[in-house]
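Working notes for the structure below.
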């Protein structure tokens, strides 16, 4: 690729026009209010952490976080009611943020997930109280102390608590709200990092089994940073190809409708830039959704992270990352569908099959749920591949349905405990149905929803994505999906068998009685699972109305 | 000089970084390799900015630097806390969880 | 037709009953336990009354689907809550409603808690859970029979697996020695076979939807699942399947139904499940739940995919023929009473499926009657066998002998159940088996002739079973047997009465069934081959009632 002189002259002209003034950016604060509310709450949380006395922080942080999330949800609903999800959809903040149906739908979902997650983070009834009688949560008393050291013991004795988790969560939520709404690749990259960095830290904060937790954080961080580097290099290549990073601009260049410039004529002649760039962006996103072959981190991180954080990560990250994937593929790169679709076919098939088959061999509940989340990423990908409006609405619906099942399932995992903390080894769950029928039945319901049994939300979601895929002609994908559902059903059923038909062990775990926080979280999970299973029409319709991207 | 050569350099740096992440075992070195990849991206962005004659790429490079700095803060915090626990920064030692 | 949602109420009553039963406070004494069991029994009797009302209000020869209800459910996918019954559904709902209270009464003590060493009982809801699950199964089975929306049917077809799974896996036949591992193996095998079938059917259901959506059958661009809309569109040529698509969809549906029914070679879960379940649950499996499979072949496979049904008909006939012979042969060789009955059922299901795919009106009328009669006769045989086994605590045939001397009523009822199973003329199954064979013979003489071997083998396994257990010298362990007591008599009497009544006078059932069969036949565009000696169900019934009791 040689550079013609015209480009140099272009450059010279651009550089010499120094008299131009940069216009003040025009920011639509109202339309960005969901994100602003959450980031505001996060900043306030940091201030509270700095200035409030330790004993007041817990309730203050919960209050701030909840206020921010409720405010964000109200903002989303108001924006949707004003028609921003439909006719008034447009680009805000100088084209950096799309305020449209998919954005608002996913932002609403993420905020609700965050509400339930914050309830889980706030749980202080499960761990035995500290020696001074202070209630204790699921996080390390002081993250900086070395596990097993005197410093840690004295921190635990004084009843310290890592209340920083709330502002960290709020920053992560803010990034997640921005990620699916980002309308240029730079905003998308920044959002990716804004939600990833707090998650790396949250992973390292478990109170019990801190070595596992730190190990999970290191793995997640190194692989996460590795994948973001791929995303960034992909961004650079796409910028090189299209000369712009805005979603609409890329789409124009890719489909050949952009105003041709000599530089563009030169770079767009080189399809390698486009294809390699898209592939690298895809690596970054597929890593976040946990699709095979970029799934290796999922089981370790899910197992090591504190369980409430795992639930949050498994649901919210997936929602945000699939949202961004949809926007990228549907709004920026529809012009090269025929290039990326075969690759995604392969990824989806691999993800479904590998996730389902490896899950069969798992012996740890959290790892099992991790592999199940990989298999579900595959199911969602079949909806993404559909490349039609039904595909978008199906994916949106599936994400909402799936995330509440996941939250509920991980919340149940926090309840089953023995002396060493949570009893996550599957053999310890034997006979749980005899000992605590209600908890076991709730978990069984979530497992049945994962398996996609009719009258649960999992079935409605699976039906929606498979139907979208089938109507776009991807029948083989649907058949692979159905077969791997059968395999997946096997291991969910295995857990149910274990809980109900095995004899309880004499030294088996006990089921802790949670506070109202976790109880609410689980109840919400059950409610959404059954509600979206039996009466999905309203939400399907909502997702259908919200399925048009603006660019 | 033809600016395309900078792209070759960027690609080379990125490849070195990626290879380093895959073959090296020390968490700090791994992390430095990731930084190398980010900087390779910066170089590519700046070069493309020159090729296209617009400033977007250079602005993105600034953003990348800020993001990379934040990443260093978080990453070093995690790696240091693991190091203090285990007195080792080798990623081969962090193997409590296996399939 | 009034707007009273009779069909919904008939299905909702057991569903609500299941919830109520599960919510009752746990029993603290045997007396409280009986109260907890009386509620579900009462509800199942009320359901029977409702089912009878449905049957009485059903007008044979009237509209094809009666007492219809239509509500939009998931309009984005063209899914409606559409109910309606034709003659076939009416008799099967009635069969279900009759069998459930009988099964409950027969299993009265099957789920009672076992006293521990201290002589006290663990206080829990296990017992009432058993009855709540039976009611849940009843609700889902009734809804599957009533559904005239493919998706609605699919939902309940799949969902009924869950309560059945807990019934099989959670409540073993403790009278014959429990083995928890065997039992959960049987339950998992049952679930996985049926779930796999169901998921493959799901792919076909989605395919059906996509095709209807593409050809604009539903409203505003969505597809539809409404059975009558689809069949009408098929008949008028508005909807057209490509041959490949039709065959694929047919196989997808048929696979699920063939697992459920079960058709050889997909039958292997049935002997395990029936062997490990309590006799009452075994009756639920073979007489109630499996009937949904054969019913669905008649209702969905034939109506939705008439051409593919014709293409694959002969192949399915051959499979069913293998099933008839294979099931009967294995039944002859069984040492275990319950597994013997299970293999006999596989043979009978072969007959039912053969009747359906022979594509003659006698065959299909016979198959429908067969579903009813097989339900009653197997229930009678299995429940009496259950009473027998509960006295000895063994399910091996070799452990019995000479029972008829100590417990003549038990032996007599066992005899009647057995004779019904081998289709003795004068008992209900004879009519249906005869019709199936005639119906098959008129179109496929060779298959009809070979299938008669199944009858000979049936005589063999039933009579050998009777001879080994009931006749001969009285074994010492058997000598203390009580004869049937009051509760057991209440269970057996209605079944035997029905067997005798329908044996000499099947007209009430065949009158309801025949118009529906004619409709189905016209859906598949098939007319009966003109036989040398035309014969109809009514004539068979007439001949049978004259010559009954030979």
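The values are calculated or read from the model by the stated rules, or taken from the named source; none is laboratory data. Bear in mind the structure is a predicted one, so any value in this text is a computation, not a measurement. Cβ sites come from the backbone with ideal geometry, for glycine too, and all protein chains shown count toward neighbours.
Go through segment A:207-218 residue by residue and tally those that are within 7 Å of another protein chain (Cβ to nearest Cβ) and either touching a strand residue (DSSP E or B) at 6+ places or on another chain (Cβ under 8 Å) or surrounded by 24 or more Cβ atoms within 10 Å (Cβ to Cβ) (or both).
5
Taking the criterion of being under 27 Å from the mean Cα position of the chain (by Cα) and over 17 Å from residue B:41 (Cβ atoms), the residues of segment A:251-281 that qualify are A:251, A:275. Within segment A:73-85, one or more residues are assigned to a loop (DSSP other than H, G, I, E, B), in contact with a helix residue (DSSP H, G or I) (Cβ under 7 Å, 6 or more places away or on another chain) and touching a residue at least 24 places away in the same chain (Cβ under 8 Å). Every condition in (1) out of contact with any strand residue (DSSP E or B) (no Cβ under 9 Å at 6 or more places or on another chain); (2) in a helix (DSSP H, G or I); (3) within 14 Å of another protein chain (Cβ to nearest Cβ) is met by residue A:299 except one, and the failing one is (1). Of all residues in segment B:51-63, those that are modelled with pLDDT of 90 or more and surrounded by fewer than 23 Cβ atoms within 10 Å (Cβ to Cβ) total 5.
Can you confirm whether residue C:369 is under 16 Å from residue C:320 (Cβ atoms) and touching a residue at least 60 places away in the same chain (Cβ under 8 Å)? Here the answer is no, as residue C:369 does not meet what is asked. The residues of segment A:174-196 that are within 18 Å of residue A:301 (Cα to Cα) and either more than 10 Å from chain B (Cβ to nearest Cβ) or free of Cβ contacts under 8 Å to residues at least 24 places away in the same chain (or both) amount to a single one, A:195.
Residues checked against (1) on the phi < 0 side of the Ramachandran plot; (2) touching a strand residue (DSSP E or B) at 6+ places or on another chain (Cβ under 9 Å); (3) touching a residue at least 60 places away in the same chain (Cβ under 8 Å); (4) assigned to a loop (DSSP other than H, G, I, E, B):
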| residue | (1), (2), (3), (4) |
| --- | --- |
| A:280 | yes, no, no, no |
| A:288 | yes, no, yes, no |
| A:313 | yes, no, yes, no |
| A:317 | yes, no, yes, no |
| A:320 | yes, no, yes, no |
| A:341 | yes, no, no, no |
| A:362 | yes, no, yes, yes |
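What's the total number of residues in segment A:1-58 that are at pLDDT 85 or above and closer than 28 Å to residue A:110 by Cβ? The qualifying residues number 27. When each of A:229, A:272 is tested for being assigned to a helix (DSSP H, G or I), over 25 Å from residue A:102 (Cβ atoms) and within 7 Å of another protein chain (Cβ to nearest Cβ), the lone residue that passes is A:229. Of the listed requirements (1) crowded, with 24+ Cβ neighbours inside 10 Å; (2) at pLDDT 85 or above; (3) over 16 Å from residue C:451 (Cα atoms), residue C:339 misses just one: (1).
Can you find a residue in segment C:505-513 that is assigned to a loop (DSSP other than H, G, I, E, B), crowded, with 16+ Cβ neighbours inside 10 Å and modelled with pLDDT under 75?
No.
Here residue C:313 clears all of (1) touching a residue at least 60 places away in the same chain (Cβ under 8 Å); (2) touching a helix residue (DSSP H, G or I) at 6+ places or on another chain (Cβ under 7 Å); (3) farther than 25 Å from residue C:161 by Cβ except the condition numbered (1). Exactly one residue out of C:250, C:225 is touching a helix residue (DSSP H, G or I) at 6+ places or on another chain (Cβ under 7 Å) and more than 14 Å from every other protein chain (Cβ to nearest Cβ): that is C:250. For segment A:313-334, state whether one or more residues are within 14 Å of another protein chain (Cβ to nearest Cβ), under 30 Å from residue A:120 (Cα atoms) and under 18 Å from the mean Cα position of the chain (by Cα). Looking through segment A:313-334, none of the residues is within 14 Å of another protein chain (Cβ to nearest Cβ), under 30 Å from residue A:120 (Cα atoms) and under 18 Å from the mean Cα position of the chain (by Cα).
Scanning segment C:423-447 for residues that are part of a helix (DSSP H, G or I) and free of Cβ contacts under 8 Å to residues at least 12 places away in the same chain gives C:441, C:445, C:446. Against the numbered list (1) in contact with a helix residue (DSSP H, G or I) (Cβ under 6 Å, 6 or more places away or on another chain); (2) under 30 Å from residue A:427 (Cβ atoms); (3) part of a helix (DSSP H, G or I); (4) more than 11 Å from every other protein chain (Cβ to nearest Cβ), residue A:523 comes up short only at (1).
For segment A:243-256, the tally of residues that are within 9 Å of chain B (Cβ to nearest Cβ) and either buried (at least 24 other Cβ atoms within 10 Å of the Cβ) or part of a helix (DSSP H, G or I) (or both) stands at 2. Restricting segment A:117-143 to residues that are in a loop (DSSP other than H, G, I, E, B) and within 22 Å of the chain's Cα centre (by Cα) leaves a set whose member that is nearest to the other protein chains (Cβ to nearest Cβ) is A:138. Consider segment C:167-196 and keep the residues that are within 11 Å of another protein chain (Cβ to nearest Cβ) and under 14 Å from residue C:280 (Cα atoms). The one that is modelled with the highest pLDDT is C:168. Filtering segment C:272-284 to residues that are part of a helix (DSSP H, G or I) and buried (at least 24 other Cβ atoms within 10 Å of the Cβ) leaves C:273, C:274, C:276, C:279, C:280, C:281, C:282, C:283, C:284.
Kindly indicate whether residue B:76 is more than 7 Å from every other protein chain (Cβ to nearest Cβ), modelled with pLDDT of 90 or more and within 21 Å of residue A:144 (Cα to Cα). Yes; evaluated as a whole, the condition is true for this residue. The sole residue among C:103, C:114, C:141 that is at pLDDT 90 or above and either away from chain A (no Cβ under 13 Å) or buried (at least 24 other Cβ atoms within 10 Å of the Cβ) (or both) is C:141.
Within segment A:465-477, the residues that satisfy the criterion of being crowded, with 24+ Cβ neighbours inside 10 Å and at the interface with chain C (Cβ under 8 Å from one of its Cβ atoms) are A:466, A:467, A:470.
Among residues that are under 23 Å from the mean Cα position of the chain (by Cα), at pLDDT 85 or above, more than 14 Å from every other protein chain (Cβ to nearest Cβ) and crowded, with 16+ Cβ neighbours inside 10 Å, residue A:532 is not included. Please go through segment A:429-457 and give me each residue that is in contact with a helix residue (DSSP H, G or I) (Cβ under 8 Å, 6 or more places away or on another chain) and outside any helix (DSSP H, G or I), ordered by number. Passing the criteria: A:430, A:431, A:452, A:453, A:454, A:455, A:456. Of the residues in segment A:406-421, at least one is surrounded by fewer than 24 Cβ atoms within 10 Å (Cβ to Cβ) and closer than 16 Å to residue A:299 by Cα.
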